[in-house]
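Each remark here refers to the structure printed beneath this line.
Every number in this text was worked out from the coordinates using simple rules, so none of it is lab data. Everything numeric here is computed off the predicted structure, so don't read it as measured data. In this analysis, Cβ positions are derived from the backbone assuming ideal geometry, glycine residues included, and neighbour counts consider all displayed protein chains.
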Amino acid sequence: MSQYFEIHSQNPQGRLIKRTAEILLKGGIIIYPTDSSYALGCRMDNKEGLERIRRIRRLGEDHNFTLICRDISEISTFAKINNEGFRLIKSMTPGPFTFILEATKETPKRLQHSKNRTIGIRLPDDPITEAIVLEMGEPLFSTTLILPDDETAMSDPLEIRDRLQKEVDLVIDAGIIVYEPTTIINLTGEHAEITRQGKGIADNLH
């Protein structure tokens, strides 16, 4: 049976954020809010947690997972980024964007796309997410909470608890979050390219 925290979406309670980080650092997996949807998350080096998330979503080896980073300076540890990409990410974050970058040698292969050796990076505009990764002191391994046979992410935390309380260690309730997919920007080529237009608006890209 999972724990269930009601956390204020704009002013997260520090004690609940600390307990959330403790659950993650001890190997737990959580359901938490972002600026585009609810998501599943665990520590980056939590192999068992990754497999639990794969089972919940029935994901294959070619699924693109995402790292939720603390700040832009942390990105360079896990992804190769040039000056143009750095400036672009800095101008758009925090926000509902996922940036696809070439992974560095420091990035475990299980976190990379199996064929392209790329990784998704996010800096969401969400106070709860930001507080969690700051408290953890490391990135959060993440994927959108879209269950098998569903086309959109679950939005109601009470329904999430009812359906998944035996599958995860913590459900965070930050209210209803209507699913709006992130805008995906590929930064592995010569120029930045939008590969999925979502919630994030990038006026300077096409």
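Each residue of region 157-165 in order: what ³J(HN,Hα) in whole Hz does its phi give by Karplus 6.51 cos²θ - 1.76 cosθ + 1.60, θ = phi - 60°, with x for Gly and Pro?
These are the phi-based 3J(HN,Hα) values: x, 5, 5, 4, 4, 4, 8, 10, 5 Hz.
Tell me which residues come under 5 Å, amide H to amide H, from Tyr179 once H is placed; ignore anything under 5 positions away on its chain.
none
Say we join alpha carbon atoms closer than 10 Å with springs in a Gaussian network model of the chain; which of Gly189, Gly85, Gly95 then has the biggest fluctuation?
Looking only at Gly189, Gly85, Gly95, the biggest GNM fluctuation is shown by Gly189.
Label points 7 Å out from Cα along the Cβ direction at Glu106 and Gln165: separation in nm?
It works out to 4.1 nm between the two label points.
Using a Förster distance of 22 Å, how high is the FRET efficiency between Phe86 and Leu134, based on the Cβ-Cβ distance and rounded to 0.05?
Working: r = 21 Å, r/R0 = 0.95.
Between Phe86 and Leu134 the formula returns 0.55.
HN-Hα J couplings of region 144-151 from phi, Karplus 6.51/-1.76/1.60, θ = phi - 60°, integer Hz, Gly and Pro as x?
For region 144-151, the Karplus-derived couplings read 4, 7, 10, 7, x, 6, 8, 9 Hz, x marking Gly and Pro.
Here are some pairs, Lys109/Lys166; Lys115/Lys166; Lys18/Lys115; Lys109/Lys199; Lys18/Lys47; Lys47/Lys166; which of them have Cα atoms lying more than 31 Å apart in this structure?
On the way: Lys109/Lys166 29 Å; Lys115/Lys166 33 Å; Lys18/Lys115 37 Å; Lys109/Lys199 29 Å; Lys18/Lys47 22 Å; Lys47/Lys166 19 Å.
The pairs that break the limit, which is 31 Å between Cα atoms, are Lys115/Lys166; Lys18/Lys115.
Would region 1-81 count as rounded, prolate or oblate if I go by the C-alpha gyration tensor, calling it rounded below 1.5 in a/c and otherwise prolate when a/b exceeds b/c, oblate otherwise? All intermediate terms of the calculation are to be shown ahead of the outcome.
Working: a/c = 1.69, a/b = 1.17, b/c = 1.44.
Oblate shape, in that a/c is at least 1.5 and b/c is the bigger or equal ratio.
Which of rounded, prolate, oblate describes region 3-196, given a ≥ b ≥ c as roots of the alpha-carbon gyration tensor eigenvalues and a/c under 1.5 marking rounded, otherwise prolate only if a/b is larger than b/c? Don't skip to the answer; put the middle values down first.
Working: a/c = 1.56, a/b = 1.42, b/c = 1.10.
Since a/c reaches 1.5 and a/b is larger than b/c, the shape of region 3-196 is classed as prolate.
Give me Arg70, Arg87 ranked fewest to most by other Cβ atoms within 10 Å of their Cβ, as a rough exposure proxy.
On the way: Arg70 18, Arg87 11.
Going from least to most buried by this count: Arg87, Arg70.
Just tell me the longest site-free run in the chain, where the sites are GluC sites (Glu not before Pro) in a DSSP loop having at most 13 other beta-carbon atoms within 10 Å.
Details: sites that count: Glu61, Glu106, Glu151, Glu190.
With GluC sites (Glu not before Pro) excluded where exposed in loops, the chain gives 1-60 as its longest stretch.
Mind giving me the FRET efficiency for Lys47 and Tyr4? R0 is 35 Å, r the Cβ-Cβ distance, nearest 0.05 is fine.
Working: r = 26 Å, r/R0 = 0.74.
That gives a FRET efficiency of 0.85.
R0 = 25 Å: FRET efficiency of Thr152 with Glu190, Cβ-based, nearest 0.05? List each step's numbers first, then the result.
Working: r = 34 Å, r/R0 = 1.35.
Efficiency, from the Cβ-Cβ distance: 0.15.
Quote the charge dipole size of region 110-150 about the Cα centre in Debye, to the nearest 20; the model charges only the Cβ of Lys and Arg (+1) and of Asp and Glu (-1).
Numbers: 4 positive and 7 negative charges, 91 e Å.
Approximately 440 debye in magnitude.
May I ask you to list the lysines whose Cα is less than 16 Å away from that of Lys90, ignoring any residue fewer than eight positions away on the same chain?
Partners within reach: Lys80.
Roughly speaking, what is the centre-to-centre gap between region 81-114 and region 158-192 when only Cα atoms are used, to the nearest Å?
18
Karplus couplings for region 76-87 from phi (6.51 cos²θ - 1.76 cosθ + 1.60, θ = phi - 60°), rounded to Hz, Gly and Pro as x?
5, 5, 10, 9, 7, 9, 8, 4, 5, x, 4, 5
Taking only DSSP H segments of four or more residues, each worth -39500 (n - 2.57), what value at 222 nm results for the chain once the sum is divided by all its residues, to the nearest 500 deg cm²/dmol? Intermediate results must be reported in sequence, preceding the final value.
Values: 6 runs with 58 residues, N = 206.
It comes out at -8000 deg cm²/dmol, rounded to the nearest 500.
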